[in-house]
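Heads up, the thing below is written out as structure tokens.
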Amino acid sequence: MPLSRPQTWKILLAFAIIYFVWGSTFLAIRVGVREVPPFLLAAMRFSVAGLFLYGWLRITGTPSPSRREWLAATFLGTLIFLLDYGCLFWAEQRIPSGIAAVVLATIPVFITLLEVIFLRTQRLTVRLAVALVVGLCGVSVLMNHSFSLGEAAVDRAAAFALLLASFTWSVATILTRRLPLPASKPMSAAAQMLTGGLQLFVLAALTHEFSGFHVQAVSSTAWWSLVYLIIAGSIVGFTAYIWLLHWESPTKVGTYAYVNPVVAVAVGYFIGKEPIGPRTVLGTLLILVSVITITTAPKKQDSPVLKIDDSSAALASEPSHRGAGAEQPS
């Protein structure tokens, strides 16, 4: 018997979670990295969330990935969690959370460039070309020190790290459908989070983060930010995302790609007391216009798309709307 459609309030609640919880995780990261080394914080977040999800799935009967699937998940874990999230957590030591979210919104721009140049799955139309230029102009506005419009200059090293994060996420998006991942999307995400989290622990050790870290010196605020990232951002947000894909089209679910940056900027301003000036507003508008134009453009053929949210679950295995759907959970 077909399942009946859930009540409207449940659908709206799930959308609210992926819109607002994922959008708010950028500020939670910013709070955490003020006291906990960035790679170590990211390692704790994704290792705990991945272990919890993996354990729950095994208890409920989902088979563990095969050796080939573990290898594929490890590769994606490197791209998404070690590189993408590693860059994000590192950059948020130097850059406001709202701007970090806006720069990461360029993921659809990189995906489209890869599809046009290498995959040939997208034709470069006038609409797409204009959208790409607008998106790049938005990034330039945020990064250009001579066009500050009265705002403090954005740290260029952090900005470039975020662009690298967007690029690696885009590559992972393209490769997801071509790798032997577990049939269970939640298990695929759990394996990627686990392997990525372990690699982040190794990176933390190599960069000597353990030697300067003292648990007793970390405030309760920083620990609560980690708890929020694990439970709300990774576990609850991921569950809401997967659940929504059963009842709504990927296009509708993928709208979080437009909403998350706006939420992140607003949360950073009202709660994190991060400054918002004309440059941030202009750069945000240009990038969002670019993203919306790209993600609503007709496609030459279907292709998977991931997006970062800061959600956590790299659902790098769930096909979805162009520019929004992967699971990154933030």
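The values are calculated or read from the model by the stated rules, or taken from the named source; none is laboratory data. Nothing here was measured: the structure is a model prediction, and the numbers come from that model. So basically every Cβ, Gly included, is an ideal-geometry build from the backbone, and we count neighbours across all protein chains shown. Heavy atoms of the whole protein, side chains included, go into the accessibility calculation; ligands, DNA and RNA do not. Shrake-Rupley method; radii C 1.70, N 1.55, O 1.52, S 1.80 Å.
Some notes on this structure:
- In the range 125-162, the residues that are open to solvent by 50 Å² or more (accessible area, probe 1.4 Å) and either in contact with a Phe, Trp or Tyr (Cβ under 6 Å, 6 or more places away or on another chain) or modelled with pLDDT under 85 (or both): N144, H145, S146, F147, L149, G150, A152, A153
- Residues of the range 180-214 that turn out to be farther than 26 Å from W90 by Cβ, not hydroxyl-bearing (S, T, Y) and not in a helix (DSSP H, G or I), as a count: 4
- Being in contact with a Leu (Cβ under 8 Å, 6 or more places away or on another chain), modelled with pLDDT of 90 or more, at negative phi and not basic (K, R) holds for only one residue in A204, A217, and it is A204.
- Pairs are defined by a Cβ separation below 7 Å, a sequence spacing of at least 6 or placement on different chains, a first member in the range 100-123 that is free of Cβ contacts under 8 Å to residues at least 40 places away in the same chain, and a second member that is open to solvent by 30 Å² or more (accessible area, probe 1.4 Å); the pairs so defined are V116/L124.
- Listing of helices (runs of 4 or more DSSP H) fully contained in the range 21-84 that carry 1 or more residues being open to solvent by 10 Å² or more (accessible area, probe 1.4 Å) and free of Cβ contacts under 8 Å to residues at least 60 places away in the same chain: 38-59, 67-77
- When we screen T239, T296, T251 for residues that are farther than 18 Å from F52 by Cβ and either of a type in the set (K, R) or modelled with pLDDT of 80 or more (or both), the only hit is T296.
- Of the residues in the range 103-115, at least one is open to solvent by 20 Å² or more (accessible area, probe 1.4 Å), more than 21 Å from A157 (Cβ to Cβ) and at pLDDT below 95.
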